[in-house]
1. Report yes if Asn59 is under 20 Å from Leu280 (Cβ atoms), buried (at least 20 other Cβ atoms within 10 Å of the Cβ) and of a type outside the set (Phe, Trp, Tyr), otherwise no.
2. Starting from residues that are open to solvent by 10 Å² or more (accessible area, probe 1.4 Å) and within 27 Å of Leu280 (Cα to Cα), keep the ones in region 226-246 and report whichever is farthest from the chain's Cα centre (by Cα).
3. Assess whether Ala158 counts as being touching a Ser or Thr at 6+ places or on another chain (Cβ under 8 Å) and touching a residue at least 60 places away in the same chain (Cβ under 8 Å).
4. Take the residues of region 177-225 that are under 28 Å from Cys162 (Cα atoms) and of a type in the set (Val, Ile, Thr): which is most open to solvent (accessible area, probe 1.4 Å)?
5. Scanning for something open to solvent by less than 30 Å² (accessible area, probe 1.4 Å), farther than 28 Å from Leu280 by Cα and within 22 Å of the chain's Cα centre (by Cα), does region 1-20 turn up at least one residue?
6. Filter region 56-78 for residues that are touching a Cys at 6+ places or on another chain (Cβ under 9 Å) and modelled with pLDDT under 90 and give the result.
7. Do any residues in region 290-308 that are over 17 Å from Pro219 (Cα atoms) have Cβ atoms under 6 Å from those of residues that are surrounded by fewer than 21 Cβ atoms within 10 Å (Cβ to Cβ) and hydroxyl-bearing (Ser, Thr, Tyr), where the two are at least six apart or on different chains, and which pairs are they?
8. For region 58-87, what are the residues that are touching a residue at least 60 places away in the same chain (Cβ under 8 Å) and on the phi > 0 side of the Ramachandran plot?
Amino acid sequence: MRIGTTLTNYTINKQKGFQGASGTFTGLLNDIAVACKRISDLVNKGDLVGVLGAAESENVQGEQQKKLDVISNDLMIEALQHNGHIAGLASEEMDTIYHLPEGAQRGNYLVLCDPLDGSSNIDVNVSVGTIFSILKAPEGVEKPTEADFLKPGTEQVAAGYCLYGPATILVLTTGDGVSMFTLNRDFGEFLLTREDVRVPEETAEFAINMSYRRHWDAPIERYIAECLEGEQGVRGKNFNMRWIASMVAEVHRILTRGGIFMYPADAKIRASGKAGKLRLMYEANPMAMLIEQAGGAATTGRQRMLEVEPDELHQRVPVILGSRSEVERVASYHDEAAAD
Ligand code: AHM
Ligand code: MG
């Protein structure tokens, strides 16, 4: 499509390809874009409008919420609940699924989101983002249950994120490639700036929080140790490292210049009774769909991310994603360790 076309025009044109399309999907993406623009505006103004700092609450996962976590969640609800595009909404910041108000018109999509990912970065003016995953609501269901949301990532009809960095960039897949839209603040529109985004295959850059090294499992330790050996080691080349602690910014870097991102399970995480840090339904799955659609790969180490059968809304998983050959190498180290 023409570079510079608006996100709305882009989705209208995409929908033309689907017989019987009602325009609901275009409307839904427009709602999400509206929420993202409002969040972007607040992230941008920060202290000027008093939105930085902690809220006086914890989320269902026992994490201290930031004011902007709560506000972003409210903005997502506000943008989505009245327009007849969704049947229900789930988010990192809400214990269970959000039911639409009585009398609100219902649509045929379910949305899962992390309204503001990377919130530890908000107060220090480092990039954060909104992640979203879109599923089809089951036919004829007026009031969806949590079980209706618990679908493997392969069932996502669309996924994306909005990165609030030096520029605000919305990245979207509807299952046929990945496109990027940059917000033009002068007139408040997301404009298509990149199409057919591909994860570069050649890479020498990894992202992992090295401070957890003493807790890692053998396959992760092996992969990183080999990267660190550089030219002298088995990889025969030097690697660079990045850790922004904002998954949206890390995935954006990987979509732009390749690399691998890892937030594995480790001994400390397992000792706390968890299977990983990142959440499957609204962090790992949408990012895995984007990365696969751009030619990369995403795994838990033992299984393709998009095929994980979920059993709870806030389920956590180990996440390894990025350039295909690197991700496959890490997965093979897991297979070898399991076979020993
Ligand atoms: P959040 O949803 O509470 O912001 O947590 C998710 C974030 C990811 O964006 C990031 O990769 C990770 O947490 C950073 O964790 P750590 O501080 O352990 O490095
Ligand atoms: Mg998050």
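The values are calculated or read from the model by the stated rules, or taken from the named source; none is laboratory data. No experiment lies behind these values; they were computed from the predicted model shown. Neighbour counts run over all protein chains shown; Cβ positions are idealised from the backbone, glycine included. Keep in mind that these areas ignore ligands, DNA and RNA; they rest on the heavy atoms of the full protein, side chains included. Shrake-Rupley method; radii C 1.70, N 1.55, O 1.52, S 1.80 Å.
1. Spelling it out, it is not the case that Asn59 is under 20 Å from Leu280 (Cβ atoms), buried (at least 20 other Cβ atoms within 10 Å of the Cβ) and of a type outside the set (Phe, Trp, Tyr).
2. Filtering region 226-246 for residues that are open to solvent by 10 Å² or more (accessible area, probe 1.4 Å) and within 27 Å of Leu280 (Cα to Cα), the one farthest from the chain's Cα centre (by Cα) comes out as Met241.
3. Working: touching a Ser or Thr at 6+ places or on another chain (Cβ under 8 Å): yes; touching a residue at least 60 places away in the same chain (Cβ under 8 Å): yes.
In short, yes.
4. Thr193
5. yes
6. none
7. These pairs meet every condition: Leu306/Thr154.
8. Gly84
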